[in-house]
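**Student:** One structure is given below, represented as structure tokens, and several questions about it will come after.
None of the figures in this text is laboratory data; all of them are computed from the coordinates on show. Just so you know, these numbers come straight off a predicted model, no measurement behind them. Neighbour counts are summed over all protein chains in view; Cβ atoms, including those assigned to glycine, are modelled from backbone coordinates with ideal geometry.
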Amino acid sequence: MTRAPIGLLRPGSASDPLVVVRSDTWGYNSIGFFSKDEACVIDPGLRPEDIDLLASAVMTRATTTPRRISHVVVTHAHHDHIRGWDAFPGAEVLMPRVGAEKEAGPVARILDAKRKLDERFALDLPAFSFPAPTDVCDERLAFRVGDLEAEVRFVPGHSNCTSVVWIPALRTLCTADYLVSPGLPYCRWEPAPFETAIATMRRWTVDEGIERIVPAHHDLIEGQANILNALDAESRYFVAMRAAVRDGLERGDDERHLCRSAIAAGAATRSQDYGVRAHQDRDNARRVVLEMLATFDA
Ligand SMILES: [Zn+2]
């Protein structure tokens, strides 16, 4: 595997205390923000050096006295997001309850996936355990970092345990695995709640004045018009897939053909070519087809 240098995509400043470290792997964004003598990190990073770079930026940017990292947010229990949760002794660790209370089977699978990535990176890391948060989020969990109010909001859909982080003063919503490639939704659970999540975030964007989206992978989205376009692209995709599956069901198509029609219909709604990432169309289509087959009355 080739390694491009990792780097500070957003270094953080007094006027904009958002820090983003971009990894060369999966376009992963390690995210942080700071205020006064405290700092928060969100899904801290894939490799130790990503995590160190994020930590040093949130602790030392725009200050002469190093800050303490007061909070760690784990947005959801997928293996790439839980990495580094334990790297900040003394910090409050916040996570959705549904993620924190996963059963032994899913936890073992997540830890196994984590170990596989360690191997791929040739990392020999100390023992790692599944996140043990100091506080869990049911619907919403407010916290304060220096002068900045922030809130973990439970938004299941991408997974059954996903949350996002809203920082009102920065007009910034950190969306975890939502909006990672607008128009190519990344649904790893059920499409219906995913679509509800998109509609919910659209409402927040307008009602609460969201001006910046920081997803866990790939590019930030800035400006309310661009955010609404990105959210609408996700909605259009599912509407198109569902219409194609409905037509296919009426024709009596089998599951394979339903999936094929759904993939084509979803992909046709976007102008951008996502290359290999478009594999996700197949997964999304399968989930839409299964959900619609379960409720279809022939
Ligand atoms: Zn995820």
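**Student:** Let's see if you can work this out: charge +1 on each Lys and Arg Cβ, -1 on each Asp and Glu Cβ, no other charges. What is the dipole magnitude of the stretch 7-177 about its Cα centre, in debye to the nearest 20? Walk me through the intermediate numbers first.
**Tutor:** On the way: 19 positive and 24 negative charges, 44 e Å.
Dipole about the Cα centre, nearest 20: 220 debye.
**Student:** Need one number: nm distance between label points at LEU249 and GLU101, each 7 Å from Cα along Cα→Cβ, rounded to one decimal.
**Tutor:** It is 3.2 nm.
**Student:** Under a plain spin-label model, where a point goes 7 Å from the Cα along Cα-to-Cβ, how far apart in nm are TYR274 and ARG120?
**Tutor:** With each label placed 7 Å out from Cα toward Cβ, I get 1.7 nm.
**Student:** What is the packing order of peptides 14-26, 153-165, taking the mean over residues of other C-beta atoms within 10 Å and listing the highest first?
**Tutor:** Working: 14-26: 18.9, 153-165: 24.1.
Highest mean packing first, the order is 153-165, 14-26.
**Student:** Follow-up question, since we're still on this one. In the stretch 189-212, whose amide N lies under 20 Å from the spot 7 Å out along Cα-to-Cβ of ALA62? List them in ranges.
**Tutor:** Answer for this model: 210-212.
**Student:** Return the sequence-ordered ³J(HN,Hα) values of the stretch 78-88 in whole Hz as given by the Karplus equation 6.51 cos²θ - 1.76 cosθ + 1.60 applied to θ = phi - 60°, using x for Gly and Pro.
**Tutor:** With coefficients 6.51, -1.76 and 1.60, one gets 5, 4, 6, 8, 7, 4, x, 4, 9, 8, 10 Hz.
**Student:** Mind checking which aspartates and glutamates have their Cα closer than 19 Å to the Cα of LYS36? Skip sequence neighbours fewer than 8 apart in that chain.
**Tutor:** Filter leaves ASP16, GLU92, ASP147, GLU149, GLU151.
**Student:** Can you spot the aspartates and glutamates whose alpha carbon is less than 20 Å from LYS114's alpha carbon? Ignore those fewer than 8 places along the same chain.
**Tutor:** Hits, sequence-local ones excluded: ASP24, ASP43, GLU49, ASP50, ASP52, ASP80, ASP86, GLU101, GLU103, ASP124, ASP177.
**Student:** Here's a follow-up. Non-local amide H neighbours of VAL73 (under 5 Å, H modeled in plane, Pro and chain starts lacking H): which ones?
**Tutor:** Residues meeting the amide H criterion: VAL41, ILE42, ASP43, LEU94.
**Student:** Which of the three applies to the stretch 7-177, rounded, prolate or oblate, going by the alpha-carbon gyration tensor with a ≥ b ≥ c and a/c under 1.5 meaning rounded?
**Tutor:** On the way: a/c = 1.77, a/b = 1.26, b/c = 1.40.
Because a/c hits 1.5 or more and a/b fails to exceed b/c, the stretch 7-177 counts as oblate.
**Student:** If you don't mind, there's one more thing I want to ask. Which ³J(HN,Hα) values, rounded to whole Hz and listed in residue order, are derived for the stretch 225-236 from phi using the Karplus coefficients 6.51, -1.76 and 1.60 in 6.51 cos²θ - 1.76 cosθ + 1.60 with θ = phi - 60°, glycine and proline given as x?
**Tutor:** 4, 5, 5, 5, 4, 5, 5, 5, 5, 5, 5, 4
**Student:** Using only the alpha carbon atoms of the chain, find the Kirkwood hydrodynamic radius as the inverse mean reciprocal pair distance, in angstroms to one decimal.
**Tutor:** Working: mean 1/r = 0.0503 Å⁻¹.
Every distinct Cα pair counted, the radius reaches 19.9 Å.
**Student:** Tell me what the chain gives for mean residue ellipticity at 222 nm when only DSSP H runs of n ≥ 4 count, each as -39,500 (n - 2.57), the sum divided by the residue total, rounded to 500 deg cm²/dmol.
**Tutor:** Values: 8 runs with 113 residues, N = 298.
Value at 222 nm, helices only: -12500 deg cm²/dmol.
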